[in-house]
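In what follows, a single structure is set out as structure tokens and then discussed.
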Amino acid sequence: MLYEDNDVRQEIAIAILWEMFREHGYKHRDLVPALVSAIKANVDNNPMVVMDGMGLLEDLKESSAFEPLVEFLRSDEEEIRVGAVEALANLKDSRAVPHIAHLLNDEVEDVRNRSLWALNYIGTVEALSAIEKWKTKNETHHP
């Protein structure tokens, strides 16, 4: 159902898979690629598929989601960038730090705020250093 063009069916499929994961720990090797495909296919027409898909990617904490989530950080859609930041933060993968730190300069305040939260949540020396560098830069430019 995730590979179908019908966005309502994709939304229902994601909801069912999310419940199966929460209740029974169900994971299938094709789940991450199917979610990524559903998210990409619905960027413009069904925000629920996008947000639920991101939420499930976040909950799965699968390392195979790392690269697609980094790709989603470059989306033109604010909601996708925010969802990707949150999901990457919950992976607690230090490789995400430079990608998230880049979004501290995003034009959208919500993206910047979620990026600050994410770096604090990841909490590595590199993440906290990125926050300090950003704060210092902004204090210099905005006294």
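The values are calculated or read from the model by the stated rules, or taken from the named source; none is laboratory data. What you are looking at is a predicted structure, and each value in this text was computed from that prediction instead of being measured. Glycine gets a Cβ as well: all are built from the backbone with ideal geometry, and neighbour counts include every protein chain shown. Note: accessible area is taken over every heavy atom of the protein model, side chains too, but ligands, DNA and RNA are not part of it. Shrake-Rupley method; radii C 1.70, N 1.55, O 1.52, S 1.80 Å.
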- Task: Using the structure shown, select from LYS40/LYS92; LYS92/LYS133; LYS40/LYS133; LYS40/LYS137 the pairs with a Cα to Cα distance greater than 31 angstrom.
- Result: LYS40/LYS133; LYS40/LYS137
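Would you please classify the overall shape of segment 36-143 from the alpha carbon gyration tensor, given that a ≥ b ≥ c denote the square roots of the eigenvalues, rounded means a/c under 1.5, and beyond that prolate means a/b larger than b/c while oblate covers the rest?
Details: a/c = 2.72, a/b = 1.56, b/c = 1.75.
In terms of gyration-tensor shape, oblate.
Write down the accessible area per residue of segment 64-118 in Å², having rolled a 1.4 Å probe over the full set of protein chains.
I get 45 Å² per residue for this part.
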- Return the Cα extents of segment 33-74 along principal axes one, two and three, sorted largest first, each rounded to a whole Å. 28, 20, 15
- Message: Once ligands and nucleic acids are excluded and a 1.4 Å probe is used, how much of LYS40 is accessible, expressed in Å² to the nearest 10?
- Response: 100
- Counting Lys +1, Arg +1, Asp -1, Glu -1, what net charge surrounds ILE131 among other residues with beta carbon under 12 Å of its beta carbon? +2
- On the protein heavy atoms, probe 1.4 angstrom, tell me the percent of accessible surface of segment 102-143 carried by carbon and sulfur. 53
